[in-house]
């Protein structure tokens, strides 16, 4: 069975990491993958390192915007990419197309008009409240060949919206939660000591950290401001606390945002307690060095960082947005606060800094949850079952238990 994977951007972030995990673990006896992505890009290099055949295609320029001139420019980009993609699809003749984003789904659905192969739209993002989102939903509904694969129930609900709500049979959406490598991310006292030593941190020094792309949506600025509040406390638990910020600016005007973060740290007088680590290739070890992993996103489809923190046995403090409450039960396997509430975030940090027993309990339960619900074996089994269903019966499998049976617990704050 040949599967054509399409990624519309050459930049590697969360969605690309998920695709890489699929490619790395896919049963190569049953499935023959080929990846279409921008030429000479980090995505193509990562794919080739996995010994997967690639085809080059120009990057797609397309974002949600209210500017008419940009809409026109993006439509031209869509038209050009669709023409090129159709030539590749006809040449490759895949059994199934796995488009690794909503935008990629739009491209491949248009490029395969008149052809027979099904197109999986792997929805990694929450559709914004924008008129163009309605157009996306309508286009997804036009052909029964389109299959929507969502990374969380929150993403599925937003994708369905009002337009697709009464058309569940016409536009079925399957939820398969993302996964984490349980062996790569696991409790490790030796790694904790090593990374703390390398960063010049004390064994018992309170350390919190945030890991991921430097961008406004991830909330690093609000975290810095909340940490400044915590730093003003005179209590023994936080007198030498340190905040680690790992990640880099990847898209659009994120470099400006990264500069704002550094300015905020200096202006708040906490430059000696905040460290910008840049992009890291030792994230599993870094997770072990933290007392608390913070995910302060304004909106989050499903954060791989949350899963990595849970699997690492590190206490996770996260905002109760998007798909995060599908992974974290407040006070049981993690700690949830409202988004954009710096006082609540500061209060939660103080609570977790001051209660080592609570941190350890959250870490243990987080690890158990990762093993039970978010293993890569479970993820690949469900994804491969989707491929087989599409080839053998041409229909969507029923939502699995991991997608249906979860408890959403919001923070009492």
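The values are calculated or read from the model by the stated rules, or taken from the named source; none is laboratory data. Values in this document were obtained by computation on a predicted structure and should not be read as measured data. Positions of Cβ are generated from backbone atoms using ideal geometry, with glycine treated the same way; all protein chains shown enter the neighbour counts.
Could you pull out every one of the helices (runs of 4 or more DSSP H) wholly within region 299-394 that has 3 or more residues that are touching a strand residue (DSSP E or B) at 6+ places or on another chain (Cβ under 9 Å) and closer than 17 Å to residue 289 by Cα? Hits in region 299-394: 304-312, 342-353, 356-373.
The rows are residues; the columns are (1) free of Cβ contacts under 8 Å to residues at least 60 places away in the same chain; (2) touching a strand residue (DSSP E or B) at 6+ places or on another chain (Cβ under 6 Å); (3) surrounded by fewer than 19 Cβ atoms within 10 Å (Cβ to Cβ); (4) under 25 Å from residue 383 (Cβ atoms).
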site	(1), (2), (3), (4)
34	no, yes, yes, yes
45	yes, no, yes, yes
50	yes, no, yes, yes
67	yes, no, yes, no
96	no, yes, no, yes
115	yes, no, yes, yes
121	yes, yes, no, yes
124	no, no, no, yes
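Scan region 113-126 for residues that are under 17 Å from residue 87 (Cβ atoms) and touching a helix residue (DSSP H, G or I) at 6+ places or on another chain (Cβ under 6 Å) and report the count. Number of matching residues: 1. Out of all the residues in region 145-153, is one or more over 24 Å from residue 22 (Cβ atoms), more than 25 Å from the chain's Cα centre (by Cα) and modelled with pLDDT under 95? Scanning region 145-153, I find no residue that is over 24 Å from residue 22 (Cβ atoms), more than 25 Å from the chain's Cα centre (by Cα) and modelled with pLDDT under 95, so the answer is no.
Flag: residue 211 matches the condition of being touching a strand residue (DSSP E or B) at 6+ places or on another chain (Cβ under 6 Å), at pLDDT 95 or above and buried (at least 16 other Cβ atoms within 10 Å of the Cβ). For residue 69, are the conditions met, namely being within 22 Å of residue 13 (Cβ to Cβ) and either in a helix (DSSP H, G or I) or assigned by TED's automatic domain parsing to the domain that holds residue 21 (or both)? No: the conditions fail for residue 69. Given the structure, is residue 39 in contact (Cβ under 8 Å) with a residue 12 or more places away in the chain, assigned to a loop (DSSP other than H, G, I, E, B), in contact with a helix residue (DSSP H, G or I) (Cβ under 7 Å, 6 or more places away or on another chain) and assigned by TED's automatic domain parsing to the domain that holds residue 97? No. Across region 351-386, the qualifying residues are those that are more than 22 Å from the chain's Cα centre (by Cα) and surrounded by 18 or more Cβ atoms within 10 Å (Cβ to Cβ), and the one among them that is farthest from residue 31 (Cα to Cα) is 353. Within region 72-94, being in contact with a strand residue (DSSP E or B) (Cβ under 6 Å, 6 or more places away or on another chain) and not in a helix (DSSP H, G or I) holds for one residue alone: 94. Selection over region 330-340 of residues that are farther than 27 Å from residue 204 by Cβ and surrounded by fewer than 17 Cβ atoms within 10 Å (Cβ to Cβ) gives a count of 2.
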